[in-house]
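The values are calculated or read from the model by the stated rules, or taken from the named source; none is laboratory data. Quick caveat: nothing in here was measured; it's all calculated off a predicted structure. Don't worry about glycine lacking a Cβ; one is built from the backbone with ideal geometry, like all the others, and counts go over all protein chains shown. Side chains included, ligands, DNA and RNA excluded: accessible areas come from the protein's heavy atoms. Shrake-Rupley method; radii C 1.70, N 1.55, O 1.52, S 1.80 Å.
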Amino acid sequence: MDIREVLSGGDLRSVGHVDAVVAYVGNDPDRFSELMTGLTDDRPVVRMRSADAMEKVTRRHPKLLRAHRASLFEQLQIVTQQEVRWHLAQLMPRMTLTEEEASGIVHVLTDWIDTGMSAIVIVNALQAIFDLSAVHSRFRDDLKTLLESQLETGSPAVKSRSKKLLQKL
C-alpha cells in the first residue's frame with residue numbers, strides 16, 4: 001500500500017481514506033514514517049490527511065512520535081497550512097519534552113494564536129499549551145493571560161475553549 005497515494009484525491013473538505021490508513025498503520029507501526037513523509041508532500045490534501053492520520057494513530061500509539069521528534073519540531077517551525085497546523089498542535093503534548101523543548105513549542109503555538117486566522121488552529125494551540133502546562137508549570141501564568149485575552153477577543157469557538165480551560169486551570 002502506498003500510503004500517500006491512498007491519502008490523495010479529492011479536496012481539503014474531505015478526509016478521504018484516512019480511517020483506512022489509521023487502521024493500517026495502527027496494525028503496522030513500522031509504516032508510521034510514511035505518514036511523516038506525507039507532511040512534506042507537494043499536495044496540500046496529502047499533507048493534511050497525513051497529519052490527520054498521524055494524530056489519530058498516536059492517540060493509541062504516542063510512542064511512535066519519539067523517532068520523529070526532530071522532524072516534528074522542524075515542521076512546527078515552518079508549516080503554514082492551517083489544516084496541518086491544527087494536527088501538529090495536537091501532537092506536541094503527546095511527546096515527553098524537556099523544559100526547553102516545551103518552551104520552544106509554546107513560543108510557536110503562541111505565535112499561531114497571535115497571528116492565526118483559523119479558529120481550529122487557535123483552539124488546538126490553546127489546548128496544547130494547556131496540556132504542556134500540566135507537565136511544565138512555568139507556562140501556567142502566561143497561559144492564564146493568553147486565555148483571558150482570547151476570552152475577550154476570540155471567535156465563539158475560541159471563547160468557549162478559553163472559558164473551559166480557565167475553569168480547569
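Exactly one of these conditions fails for Ala128: (1) within 12 Å of the chain's Cα centre (by Cα); (2) over 20 Å from Lys63 (Cα atoms); (3) among the aliphatic types (A, V, I, L, M). Give me its number.
For Ala128, the failing item is (2).
To keep it simple, each residue is scored yes or no on (1) without any contact (Cβ under 8 Å) to a residue 24 or more places away in the chain; (2) touching a helix residue (DSSP H, G or I) at 6+ places or on another chain (Cβ under 9 Å); (3) surrounded by 14 or more Cβ atoms within 10 Å (Cβ to Cβ).
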| position | (1), (2), (3) |
| --- | --- |
| Glu5 | yes, yes, no |
| Val15 | no, yes, yes |
| Ala20 | yes, yes, yes |
| Asn27 | yes, no, no |
| Thr37 | no, yes, no |
| Asp52 | no, yes, yes |
| His68 | no, yes, yes |
| Ser71 | no, yes, yes |
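Which ones in the stretch 96-106 are assigned to a helix (DSSP H, G or I) and open to solvent by 90 Å² or more (accessible area, probe 1.4 Å)?
Scanning the stretch 96-106 gives a single hit, Glu100.
Going by the conditions given, is Gln75 open to solvent by less than 50 Å² (accessible area, probe 1.4 Å), of a type in the set (S, T, N, Q), under 15 Å from the mean Cα position of the chain (by Cα) and within 26 Å of Thr115 (Cβ to Cβ)? Steps first, please.
Details: open to solvent by less than 50 Å² (accessible area, probe 1.4 Å): yes; of a type in the set (S, T, N, Q): yes; under 15 Å from the mean Cα position of the chain (by Cα): yes; within 26 Å of Thr115 (Cβ to Cβ): yes.
Considered against the rule, which asks whether it is open to solvent by less than 50 Å² (accessible area, probe 1.4 Å), of a type in the set (S, T, N, Q), under 15 Å from the mean Cα position of the chain (by Cα) and within 26 Å of Thr115 (Cβ to Cβ), Gln75 comes out as yes.
Asp52 - would you say it is among the acidic types (Asp, Glu) and in a loop (DSSP other than H, G, I, E, B)?
no
If a residue has to be at pLDDT below 85 and closer than 13 Å to Leu64 by Cβ to count, how many in the stretch 6-27 make the cut?
2
What number of residues in the stretch 107-143 are closer than 18 Å to Val158 by Cβ, β-branched (Val, Ile, Thr) and either assigned to a loop (DSSP other than H, G, I, E, B) or open to solvent by 20 Å² or more (accessible area, probe 1.4 Å) (or both)?
The number of residues fulfilling the criteria is 3.
Given the conditions (1) under 16 Å from the mean Cα position of the chain (by Cα); (2) assigned to a helix (DSSP H, G or I), report the number of the one that Val21 does not fulfil.
Unmet for Val21, out of (1) under 16 Å from the mean Cα position of the chain (by Cα); (2) assigned to a helix (DSSP H, G or I): (1).
Which numbered condition trips up Gly10, out of (1) part of a helix (DSSP H, G or I); (2) exposed (fewer than 13 other Cβ atoms within 10 Å of the Cβ)?
(1)
Quick one: which of Leu109, Leu88, Leu126 is in contact with a Lys or Arg (Cβ under 8 Å, 6 or more places away or on another chain) and at pLDDT 95 or above? It would help to see each step written out before you state the result.
On the way: Leu109 fails: in contact with a Lys or Arg (Cβ under 8 Å, 6 or more places away or on another chain); Leu88 fails: in contact with a Lys or Arg (Cβ under 8 Å, 6 or more places away or on another chain).
From the options Leu109, Leu88, Leu126, the qualifying one is Leu126.
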